[in-house]
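First up is the structure itself, then whatever we jot down about it.
The values are calculated or read from the model by the stated rules, or taken from the named source; none is laboratory data. Note that this is a predicted model, so its numbers are computed, not measured. All Cβ positions, glycine included, derive from the backbone under ideal geometry; neighbour counts span all protein chains shown.
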Amino acid sequence: MERLYDLAEVLRSKNAGPLYITLDLLFADEATYRRVSGSEALSPGAVGELYGVAAEDVKIVHFDAANAIKITIPRTGPTSGAPGDRDVYGAQQHGPLLGLMIP
Amino acid sequence: MDELRVLSVCGNLGYGFPVSSLENGIARNPHYMGADNGSTDAGPYYLGSGDQLTKREQILRDLGHSLAAARRKGIPYIIGSAGTAGGNPHVDAVLDVMHLLAKRDGHKFKLAVIRAEMEKEFVKRAVREGRTRSLGKLPPLTEEAVDESVRIVGQMGIGPFIRALEGGAEVILAGRSCDTAIYTSFAAMNGFDLGLAFHMSKIIECGAQCALPIGANDCILGTLRKDHFELEPMNMGKRLTPNSVAAHMMYEQPDPYLFYEPEGVVDLQESRFEQVDARRVRVRGSRFAAASKPTIKLEGVRLRGYRTITVAGMSDPNLLRNLDEVEARVKDTVAGMVGGSLKPEEYELRFIYYGRDGVLGRPGPDGRKVAHEVGVVVEAIARDQVTANAVLSLARSTFLHCGFETRKATAGNLAFPFSPSDFPGGPVYEFHIYHLIELADAGAPFEVEFTRVG
């Protein structure tokens, strides 16, 4: 088992418009990408639990051309930059993914 | 026309770019050049206030170099999403700099200005006719929401840009625009494949961000042919790989295989990326399907009040263990003190604790671990600045002296780095409109005004 943070070459979050946060996981090689893609640790349900959103609101796309996985979730609180928001650019919302253990 | 060359000056005009890259790009004889100048990334404040994220001096520098290059070469220069949010004050601010530069540098050109602000009545009619729909978790658009808005802009597609180019515009300054429309319009006008043109535009609208090594804003050249396009960074120290170009489709958008434009959807599932030489990548296979009902995206904000904040640090262990209790006491005390003049719904008071859960707003992967020092930002929002200042001041002094069980540091709870400690933040806005509107002609709401400059 290894931490997702240690397996990914890039692990980032960012706004996809003011209503969504998109999380990108880029891997240095195809083997690592396949290892994480095939893992149940990264199911919509598991991600939803980490972010407090329903599994059906978690969109996960596997992007072979870039050895990358993209996860998009709705902002559950205020829209970007509205009172109560903590992260206008959505740039530090990858935290909950860091510790996911990948077999 | 078998080959079309376009120079993207940078991902955001004002963030700077190396002049040497611009010169390299111009030396490749592009047919036109473009620059994006906006985004919603920095939040709702800019659309609401009319201010720009990039300051006048930054625009003077970047527009100064790029406008001079375009005029010297005699090629069209297209700037989209002027002034961050692309509303009328934003367009006017960039227009003002453009006039100043034309005078300073002796430029003469035909300018097309395309504004993007939407009349409230126009949007309300669409609401009544059921032609608007929500994106994401926002509620359906209502006439009341439209009335509440401070400003609404629509993201224009390629139509208005094509009208401007066909009208002989040498420079186009547009309000809120689809980033892709800046670059796709010229290609569409010349009969190039829309799937390839949109895909190329989607990459180069960020300048050379797809290039390695990853770095600051820079120029990139796109070459569009019948069945493929090629990309090449104009900074000779940068290169592209199939992976770096493909990976860029991940950036800031929900789906790397599909993206939506007013005119239709671009499908990248069959896109293929190949290395041409050490620095260039070729892309083919991207496809476009026209929408049956064109839509444009609306962005609107409402005023939520005025903000004042203070920033302070804490290191006392017993205080850090009792932050929730202290916060509750501060809120109660403030509510009691302002009770005569302000109802609970007439102000907002928030506490953000950096070093505890300030970023995620909830316990992180390791639970609610607290650092040995914690920073607090206290925020008050009220109907005017004076009231926000007063509420914040009360909260700050109450927090400073607030008692709690086990308190040992009885002289004060907060370490203020600054005097004065409180900062008025001005008006606070909120995106409450982020909806699609269906139109028979997606370009109809955007009027093109032609003028002579110089």
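Residue B:349 - would you say it is of a type outside the set (S, T, N, Q), buried (at least 17 other Cβ atoms within 10 Å of the Cβ), within 14 Å of chain A (Cβ to nearest Cβ) and part of a strand (DSSP E or B)? So residue B:349 passes the test. For the range A:72-98, the set of residues classified as under 12 Å from the mean Cα position of the chain (by Cα) and either more than 30 Å from residue B:303 (Cβ to Cβ) or at the interface with chain B (Cβ under 8 Å from one of its Cβ atoms) (or both) consists of A:72, A:74, A:92, A:93, A:94, A:95, A:96, A:97, A:98, listed by residue number. Taking residue B:406, is it without any contact (Cβ under 8 Å) to a residue 60 or more places away in the chain, exposed (fewer than 14 other Cβ atoms within 10 Å of the Cβ) and either among the hydrophobic types (A, V, I, L, M, F, W, C) or away from chain A (no Cβ under 14 Å) (or both)? Here the answer is no, as residue B:406 does not meet what is asked.
This table checks each residue for (1) assigned to a loop (DSSP other than H, G, I, E, B); (2) farther than 24 Å from residue B:297 by Cα.
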| residue | (1), (2) |
| --- | --- |
| B:1 | yes, yes |
| B:5 | no, yes |
| B:15 | yes, yes |
| B:37 | no, no |
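Residues that are of a type in the set (A, V, I, L, M) and in a loop (DSSP other than H, G, I, E, B) were ranked within the range B:267-292; the one that is surrounded by the most Cβ atoms within 10 Å (Cβ to Cβ) is B:268. Within the range B:295-354, the residues that satisfy the criterion of being of a type in the set (Phe, Trp, Tyr) and touching a Ser or Thr at 6+ places or on another chain (Cβ under 9 Å) are B:306, B:347. Counting only strands (runs of 3 or more DSSP E) wholly contained in the range B:81-189, the ones carrying 1 or more residues that are closer than 19 Å to residue B:48 by Cα and either away from chain A (no Cβ under 14 Å) or of a type outside the set (Val, Ile, Thr) (or both) occupy B:151-154, B:171-174. Taken over the range A:43-53, the criterion of being farther than 16 Å from residue B:254 by Cβ and within 11 Å of chain B (Cβ to nearest Cβ) is satisfied by A:50, A:52.
So that you can scan it fast, the table gives a plain yes or no per residue for (1) of a type outside the set (Lys, Arg); (2) within 11 Å of another protein chain (Cβ to nearest Cβ); (3) part of a helix (DSSP H, G or I):
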residue	(1), (2), (3)
A:5	yes, yes, yes
A:14	no, yes, no
A:17	yes, yes, no
A:24	yes, yes, no
A:34	no, no, yes
A:41	yes, no, yes
A:56	yes, no, yes
A:61	yes, yes, no
A:70	no, yes, no
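Candidates in the range B:141-179 are the residues that are free of Cβ contacts under 8 Å to residues at least 40 places away in the same chain and within 29 Å of residue A:57 (Cα to Cα); of these, the one that is surrounded by the most Cβ atoms within 10 Å (Cβ to Cβ) is B:143. Per the conditions (1) surrounded by fewer than 18 Cβ atoms within 10 Å (Cβ to Cβ); (2) over 21 Å from the mean Cα position of the chain (by Cα); (3) hydroxyl-bearing (Ser, Thr, Tyr), the sole criterion not satisfied by residue B:260 is (2).
Name the residue that is farthest from residue B:257 (Cα to Cα), counting only residues in the range A:72-86 that are in a loop (DSSP other than H, G, I, E, B) and touching a residue at least 40 places away in the same chain (Cβ under 8 Å). Applying the filter and picking the extreme gives A:81.
Test residue B:195 against the criterion of being assigned by TED's automatic domain parsing to the domain that holds residue B:70 and farther than 30 Å from residue B:450 by Cβ, and give yes or no. Yes. Scanning the range B:417-435 for residues that are more than 12 Å from chain A (Cβ to nearest Cβ) and closer than 30 Å to residue B:141 by Cα yields a single hit, B:426. Scanning the range B:15-31 for residues that are out of contact with any His (no Cβ under 7 Å at 6 or more places or on another chain) and buried (at least 22 other Cβ atoms within 10 Å of the Cβ) yields B:17, B:21, B:25, B:30. For the range B:298-315, the criterion of being crowded, with 18+ Cβ neighbours inside 10 Å, more than 26 Å from the chain's Cα centre (by Cα), in a loop (DSSP other than H, G, I, E, B) and of a type in the set (S, T, N, Q) is met by none of the residues. Contact map, the range B:416-431: first residue buried (at least 17 other Cβ atoms within 10 Å of the Cβ), second residue of a type in the set (Phe, Trp, Tyr) and not in a strand (DSSP E or B), Cβ cut-off under 6 Å, separation 6 or more or different chains; pairs are B:429/B:45.
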